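K.L.:
Provided herewith is a single structure, encoded as structure tokens, for subsequent inquiry.
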Ligand SMILES: [Zn+2]
């Protein structure tokens, strides 16, 4: 089955510039995926998400299986049609959120039994059922079902958890129904232990997936350990397939991971921060609730092309957040996603032109004016 194709266009040091072609269009990499947890990128219409430059939206299997349910999404024409996003959709496997949100979890070789955090109803999630649910959702990219190894974990704990995830990866692959232009990614685990990461990468590439994710990072290990782990992991992954770092991160995390060979990212930071008044800009991070913005008639981020920055003052946004008007989170979510996408577009251009290190240094220099 073909039609799902990653093409590496350029390399600059460890940084990679590519295209990912799928049944639902083409994405340029490095790519940041907007998180659309429950079939919506919170506070944004699908048109607005497109305007930010986002090319891929992520959906959460755990949330969608509970509400409205995978069969109902399928009956409504799938997630693309339901949320008016004909573009690429990646769904997670549900494993991470079962462990972080659900109640009364019981994990064994077969899978995870849990109670919904919404109504206490009992559910079972296995590699087979997770893969079937993602099929019903019509995910362009299906993720293998895994256990996100907690941090900290001893070598023995990380090894046992990773090997369970590798057995689940083989079962996820067996349950995956190939379709033209659709793909499935395996997830490298192994904590912060290079030997376990190498073993996990070897196990997954032996099974064979359309792409490879790096999971179990940004769980408390810190940026230095995350970068170290990436450096020892990406050399074990195929050069001609996409690499996705799950749940990361800040703009600085993204540039550091791109330099270490990562192609795809997702994170709730820009959308969640947009709802709480935290702005990500070329000059750094700012809290728009701060009184210093009350009389600031200038745009939040003068170089930004979003609706907020081209049509409104920072003072207006400050006012909206002070009054808890819903337009505040809508405008700032749009801005934050636009900033993240502009950062990635700049990275792609820089990699093509062989100046990625200088681009990252200039971006970091610009962030110094922010609050943190
Ligand atoms: Zn803006």
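K.L.:
Give me the strands (runs of 3 or more DSSP E) completely within the range 259-325, filtered to those with at least 2 residues that are over 30 Å from residue 239 (Cα atoms), ordered by residue number.
P.N.:
Values: elements: 264-266, 278-281, 284-287.
Hits in the range 259-325: 278-281, 284-287.
K.L.:
Let me ask something else about it. Within the range 263-300, count every residue that is within 16 Å of the ligand (Cβ to nearest atom) and touching a helix residue (DSSP H, G or I) at 6+ places or on another chain (Cβ under 7 Å).
P.N.:
Result for the range 263-300: 19.
K.L.:
Report yes if residue 303 is near the ligand (Cβ under 9 Å from one of its atoms) and more than 17 Å from residue 278 (Cβ to Cβ), otherwise no. So that I can check it myself, show each step before the final result.
P.N.:
On the way: near the ligand (Cβ under 9 Å from one of its atoms): yes; more than 17 Å from residue 278 (Cβ to Cβ): yes.
Considered against the rule, which asks whether it is near the ligand (Cβ under 9 Å from one of its atoms) and more than 17 Å from residue 278 (Cβ to Cβ), residue 303 comes out as yes.
K.L.:
Hand me the list of strands (runs of 3 or more DSSP E) wholly inside the range 22-115 holding 1 or more residues that are touching a helix residue (DSSP H, G or I) at 6+ places or on another chain (Cβ under 6 Å), crowded, with 24+ Cβ neighbours inside 10 Å and modelled with pLDDT of 95 or more. Let's see the steps before the verdict.
P.N.:
Details: elements: 25-29, 31-35, 56-59, 88-91, 103-107, 112-115.
Once the strands (runs of 3 or more DSSP E) in the range 22-115 are filtered for at least 1 residues that are touching a helix residue (DSSP H, G or I) at 6+ places or on another chain (Cβ under 6 Å), crowded, with 24+ Cβ neighbours inside 10 Å and modelled with pLDDT of 95 or more, what remains is 31-35, 56-59, 88-91.
The values are calculated or read from the model by the stated rules, or taken from the named source; none is laboratory data. The shown structure was predicted, so the numbers you read here are calculated from the model rather than taken from an experiment. For neighbour counting, all protein chains shown are included, and Cβ atoms are generated from backbone atoms with ideal geometry for every residue, glycine included.
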